[in-house]
Amino acid sequence: MRTQAFAEALAEAEKIITGAPHIASEQDLAEGYDYLAGSIQASLRLAWAYQRDFPYFVASTGPYTKMGLDNPDTLYFHAYLRDDAEYVISGRRGTTADLSFQVLKGDYSPVEVPDSLSAFDDRAIEIAADGTFELRFGPAAPARNYFRLGAGSSMLLVREVYSDWAAERRGTIAIRRADRAGCAPPVTTDPGAPAKRYAVAGKILLSRLRTFLAFPEWFYLKEPVNTMTPPRPTPGGLATQFSSAGHYDLGEDQAMIVTVPAAGRQVAPYQGIQLGSMWYVSLDYINHQTSLTADQARIDPDGRMRFVISERDPGVANWLECTGHRRGYVQIRWQRLTRDLTTADGPQVAVVPHADLPGLLPYYEHARVSPAEWRARIAARQAAVAERMLG
């Protein structure tokens with residue numbers, strides 16, 4: 001059976017899901033099986049996309065193939081590389097808040113984060129007046145729009161990040177190996193090739209599940225519950241990105257108020273907050289408001305954003321819905337920064353009785369929304385994600 005290795009990996013993957021230490025309810029287990037389904041889809045696609053001589057960009061994650069506390073505001077793409085070959089990346093810059101590139105050595109594993117050999121955003125490249133660009137990655141010395149691939153380079157990650165989902169438009173991007181233009185890969189005649197692909201898919205699946213269940217132990221769960229860290233460079237070598245992370249545990253009658261200065265586009269063209277489940281993936285960000293950017297959030301007259309994390313509806317614009325998740329992760333990201341952030345730029349956190357919110361939010365009347373306004377906010381999210389996925 002050429003699928004035997006994958007079938008065995010799938011059985012082991014189910015054991016990883018059912019044995020996850022955070023499972024405390026049927027909802028947790030059901031979400032685990034949904035997470036497994038998305039991981040299976042992604043692993044098969046990635047195994048068949050492993051082309052270093054004839055590469056193309058693959059969506060690394062999406063609404064139905066989530067992993068690694070995926071940012072709802074980001075389109076993730078990756079392609080595989082050889083460190084001794086030259087690659088041409090061409091495209092057209094969209095109007096999104098950020099576009100960044102990162103070259104990795106190795107891959108994510110349950111014991112380590114891959115080395116980031118280089119990382120930069122599109123401020124480091126020359127873009128034509130019509131928005132088009134062409135970059136080269138290879139072993140030669142760096143030059144204009146040419147970036148050297150360090151020893152062991154294996155993957156190029158591209159992130160395109162929205163701040164205003166309704167107004168911003170994604171760009172385009174493509175990759176090719178420079179000396180393979182007009183050529184074609186050899187026709188596969190090896191009868192064992194499918195079995196090898198299925199075996200690779202199984203390894204990807206198990207590594208993916210084990211790695212991203214271990215991640216929170218590294219970066220979140222060692223912090224006190226219901227707190228958030230000061231802003232710090234995001235682990236993994238991302239250029240010009242800081243983040244503040246935490247995990248929450250809230251009762252039905254409790255709420256967490258997260259107060260953070262609005263950095264402004266001159267400091268951080270992208271600033272966003274999101275919630276994640278204990279599976280270390282984003283919550284439903286299409287049909288519920290479980291994330292907000294600075295453009296989507298309501299900024300108080302004092303220049304701060306006050307987010308309310310709770311299960312019950314507080315009737316305010318900046319409510320982040322727990323959607324039945326008593327426990328979860330919360331993260332704020334700042335991207336395309338023009339300066340390093342300090343503790344003063346970071347969040348302040350308070351857990352309060354839900355009933356006391358009107359008296360604890362200093363601009364409560366300014367923050368309120370009607371049920372009709374709330375439905376309009378959700379409808380806008382649904383429409384924007386649908387357009388983004390088809391773009």
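Can you tell me how many residues within region 62-106 are open to solvent by less than 10 Å² (accessible area, probe 1.4 Å) and of a type in the set (Phe, Trp, Tyr)? So the count comes out to 2.
Considering region 129-228, the qualifying strands (runs of 3 or more DSSP E), each wholly inside and each with 2 or more residues that are of a type in the set (Gly, Ala, Ser) and at negative phi, run over 153-161.
For region 215-233, the count of residues that are farther than 30 Å from Tyr50 by Cα, of a type outside the set (Lys, Arg) and touching a Lys or Arg at 6+ places or on another chain (Cβ under 9 Å) is nonzero. Taking the numbered list (1) touching a Ser or Thr at 6+ places or on another chain (Cβ under 7 Å); (2) open to solvent by 50 Å² or more (accessible area, probe 1.4 Å); (3) closer than 26 Å to Ile23 by Cα in turn, Glu252 passes all entries but (1).
Where residues in region 44-61 are assigned to a helix (DSSP H, G or I) and open to solvent by less than 50 Å² (accessible area, probe 1.4 Å), which of them is farthest from Thr172 (Cα to Cα)? Among them, the one singled out is Ala47. From the list Gln296, Gln274, the lone residue that is surrounded by 21 or more Cβ atoms within 10 Å (Cβ to Cβ) and not in a loop (DSSP other than H, G, I, E, B) is Gln274.
Here the condition is being of a type in the set (Val, Ile, Thr), over 25 Å from Val158 (Cβ atoms), in contact (Cβ under 8 Å) with a residue 40 or more places away in the chain and open to solvent by less than 20 Å² (accessible area, probe 1.4 Å); of Val281, Val258, it holds for Val258 alone.
Residue check: Glu373 meets all listed conditions (1) farther than 26 Å from Met278 by Cα; (2) in contact (Cβ under 8 Å) with a residue 60 or more places away in the chain but one, namely (2). The set of residues from region 8-23 being small (Gly, Ala, Ser) and either in contact (Cβ under 8 Å) with a residue 40 or more places away in the chain or touching a helix residue (DSSP H, G or I) at 6+ places or on another chain (Cβ under 8 Å) (or both) comprises Ala9, Ala13, Ala20. Comparison of Ala255, Ala239, Ala263 shows that the only residue that is closer than 17 Å to Val161 by Cα and in contact with a helix residue (DSSP H, G or I) (Cβ under 7 Å, 6 or more places away or on another chain) is Ala263. Among the residues of region 332-386, those that are open to solvent by 60 Å² or more (accessible area, probe 1.4 Å), charged (D, E, K, R), farther than 27 Å from Pro63 by Cα and part of a helix (DSSP H, G or I) comprise Asp356, Glu365. Among the residues of region 306-314, are any without any contact (Cβ under 8 Å) to a residue 60 or more places away in the chain, open to solvent by less than 20 Å² (accessible area, probe 1.4 Å) and assigned to a loop (DSSP other than H, G, I, E, B)? Yes; the residues of region 306-314 include at least one that is without any contact (Cβ under 8 Å) to a residue 60 or more places away in the chain, open to solvent by less than 20 Å² (accessible area, probe 1.4 Å) and assigned to a loop (DSSP other than H, G, I, E, B). Filter region 1-15 for residues that are crowded, with 16+ Cβ neighbours inside 10 Å and closer than 25 Å to Gly324 by Cβ and give the result. The answer is Ala13, and nothing else.
Does Gln41 satisfy the condition of being modelled with pLDDT under 95 and open to solvent by 50 Å² or more (accessible area, probe 1.4 Å)? The answer is no for Gln41.
If you go through region 229-241 and keep only what is open to solvent by less than 20 Å² (accessible area, probe 1.4 Å) and not in a loop (DSSP other than H, G, I, E, B), you end up with just Gln241.
The values are calculated or read from the model by the stated rules, or taken from the named source; none is laboratory data. Keep in mind the model is a prediction, meaning the values are calculated, not measured. Don't worry about glycine lacking a Cβ; one is built from the backbone with ideal geometry, like all the others, and counts go over all protein chains shown. Surface areas here come from the heavy atoms of the whole protein model, side chains and all, with no ligands, DNA or RNA. Shrake-Rupley method; radii C 1.70, N 1.55, O 1.52, S 1.80 Å.
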